[in-house]
Amino acid sequence: MPSPNTTPSATASTPPDFDSLALPHVAALHAYTPGLQPTEPGWIKLNTNECPYPPSPAVAKAVAAELGADGAAGEVGAALRLYPEPTSAVLRAAIAAHHNTTLSAAGINGTSALRVANVCVGNGSDDILNLLVRCFCAEGAGQGSESGRAAGFTLPSYSLYPVLVGIANGQSIEIKFDRSMRLPLEQIASSGAAIFFLTSPNAPTGVGFSAAQIEALLAAYDGLLVVDEAYAPFAREDAVGLLARYPRLIVVRTFSKAYALAGIRVGYCLAHERVIALLDRVRDSYNVNRLSQAAALAALGDPQYYAHVIARVCATRDAALTRFAEQGWFCYPSQANFLFVEPRNGRGETGAAVAQAAYDFLRERRILVRHFPSPLTAPFLRITVGTDEQMLTLWHTLQEWLHHA
Ligand SMILES: *Cc1c(COP(=O)(O)O)cnc(C)c1O
């Protein structure tokens, strides 16, 4: 109960000025803006690059077994009393084996295969990115002796990077793409960043960089290179084969996109074992829960299912890209599960206002896509590749917009 005789000044029940109690850089932070996650049904959700198909049926079985809901043993849910395996060892071994299989199928490696010690698993790859910033990006970078420890990334790319650097009170170095979206190799090489985050294929453009380009960058840039390969399963090439020869390379992957497990929150990185040992020092000891470890392990156990899903998404993507091109809309060649397309209205105009109008028109009709307001991205929409049926509805709705606007 509130006291009847409180004074207007500070009392036990008056909240203090929390912002002034917080660390100044925390009070000044701008949080990451996630894409909208509507809770009511009826939306065509093409805004956060989730998979339009369910995960392998083996995943639900594994989660049920972990819960004891398959009736195999004990009370349902009894296993949840116990902490998960703290190092995700079984999952890490399966991840290493998965990549070794892929590498040898591609005729790469053999002698220097990935081992458990080269894998760190996180609560989503966002957790891994955060650990990397915590380990390698100095607080107050740029303000004195630690001025070399800045974190670099390109614009546009994944907008979580600057948020993580901000939380660490570090310094960001931004390297801008031009409209060609070609890799700005020289600028990255001379950026002075201690750690550089390169998204490949890039988000939000979908443009992929080849292994040869990544290798050229590793030769020119002498810091730690993090290649965020959230969309690599949809791409022609990836950088995993370079790990054996480049100890400064760190490859980040996720189960959220190609494995249709965004809700389960598992990501990982592949790196030199000494990098993994550093990440292990700063990560939460139980950072990946029981159900998530079981789900990711089961997903890795069903490669045929996922090869089929990925092929289907890529086919839908390429068909949509062709349709946009025939319509005269510019679209970057995508190696991811989304398209970055520049809408053109009924009068043939493009630009930020046109993209915003198309976005609004779609949203009023319960189709969610993504629009990023910064100058280089504002004339575009980022559209996640859905099912063929969802893409057809999107297409018809855009035709309606063309004739309406
Ligand atoms: C989606 C995405 C991630 C986040 O993955 P989670 O594993 O869900 O945390 C990381 N990087 C990029 C570039 C992404 O698009």
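The values are calculated or read from the model by the stated rules, or taken from the named source; none is laboratory data. What you see is a predicted model, and the numbers here were worked out from it, not measured in a lab. Here the Cβ positions follow ideal geometry from the backbone for every residue, glycine too, while neighbour counts run over all protein chains shown. Protein only, heavy atoms only, side chains kept; ligands, DNA and RNA dropped before computing areas. Shrake-Rupley method; radii C 1.70, N 1.55, O 1.52, S 1.80 Å.
Taking the range 39-60 as the range and being modelled with pLDDT of 95 or more and among the polar types (S, T, N, Q) as the test, the residues that pass are Asn47, Thr48, Asn49, Ser56. For the range 201-212, a residue qualifies if it is touching a Cys at 6+ places or on another chain (Cβ under 9 Å) and without any contact (Cβ under 8 Å) to a residue 60 or more places away in the chain, but none of them does.
Candidates Leu164, Leu198: the one that is within 16 Å of the ligand (Cβ to nearest atom) and part of a strand (DSSP E or B) is Leu198. When Val354, Val369 are screened for being open to solvent by less than 30 Å² (accessible area, probe 1.4 Å), under 27 Å from Asp178 (Cα atoms) and touching a residue at least 60 places away in the same chain (Cβ under 8 Å), only Val369 passes. Each residue in the range 242-267 was checked for being among the hydroxyl-bearing types (Ser, Thr, Tyr), part of a loop (DSSP other than H, G, I, E, B) and either away from the ligand (no atom under 11 Å from the Cβ) or touching a strand residue (DSSP E or B) at 6+ places or on another chain (Cβ under 8 Å) (or both), and 2 of them qualify.
Name the single residue, out of those in the range 373-405 being within 20 Å of the chain's Cα centre (by Cα) and surrounded by 18 or more Cβ atoms within 10 Å (Cβ to Cβ), that is farthest from Met181 (Cα to Cα). Filtering the range 373-405 for residues that are within 20 Å of the chain's Cα centre (by Cα) and surrounded by 18 or more Cβ atoms within 10 Å (Cβ to Cβ), the one farthest from Met181 (Cα to Cα) comes out as Gly386.
Tell me whether the range 155-175 contains one or more residues that are within 19 Å of Asp280 (Cβ to Cβ), under 17 Å from the mean Cα position of the chain (by Cα) and either surrounded by fewer than 21 Cβ atoms within 10 Å (Cβ to Cβ) or at pLDDT 95 or above (or both). Yes; the residues of the range 155-175 include at least one that is within 19 Å of Asp280 (Cβ to Cβ), under 17 Å from the mean Cα position of the chain (by Cα) and either surrounded by fewer than 21 Cβ atoms within 10 Å (Cβ to Cβ) or at pLDDT 95 or above (or both). Annotation: Asp178 fulfils all but one of (1) part of a strand (DSSP E or B); (2) open to solvent by 10 Å² or more (accessible area, probe 1.4 Å); the unmet one is (1).
Taking the stated definitions as given, is Val90 over 30 Å from Val275 (Cα atoms), away from the ligand (no atom under 16 Å from the Cβ), not in a strand (DSSP E or B) and not assigned by TED's automatic domain parsing to the domain that holds Thr387? So Val90 fails the test.
Just one of the listed residues (Asn118, Asn123, Asn130, Asn100) is away from the ligand (no atom under 16 Å from the Cβ) and under 25 Å from Ala194 (Cβ atoms), and it is Asn118. Here Phe209 fits the description: assigned to a loop (DSSP other than H, G, I, E, B) and either modelled with pLDDT under 95 or in contact with a Leu (Cβ under 7 Å, 6 or more places away or on another chain) (or both). Look at the range 265-282: where a residue is modelled with pLDDT under 95, no partner that is more than 11 Å from the ligand (Cβ to nearest atom) sits 6+ places away or on another chain with Cβ atoms under 6 Å.
How many residues does the range 223-241 contain that are part of a loop (DSSP other than H, G, I, E, B) and within 27 Å of Pro55 (Cα to Cα)? Don't jump to the end; show me each part of the working.
Of the residues in the range 223-241, the ones part of a loop (DSSP other than H, G, I, E, B) are 223, 229-231, 235-239.
Next cut, within 27 Å of Pro55 (Cα to Cα) only: 229-231, 235-239.
Total satisfying the criteria: 8.
For beta carbons closer than 9 Å, sequence separation of 6+ or different chains, a first residue in the range 171-200 that is closer than 21 Å to Ala271 by Cα and a second that is assigned to a helix (DSSP H, G or I) and aromatic (Phe, Trp, Tyr), the qualifying pairs are Ala194/Phe136; Ile195/Phe136; Phe197/Tyr161; Thr199/Tyr161.
Of all residues in the range 117-138, those that are open to solvent by 10 Å² or more (accessible area, probe 1.4 Å) have Cβ atoms under 6 Å from Cβ atoms of residues that are part of a loop (DSSP other than H, G, I, E, B) and within 11 Å of the ligand (Cβ to nearest atom), 6 or more apart or on another chain, in Asn123/Arg265.
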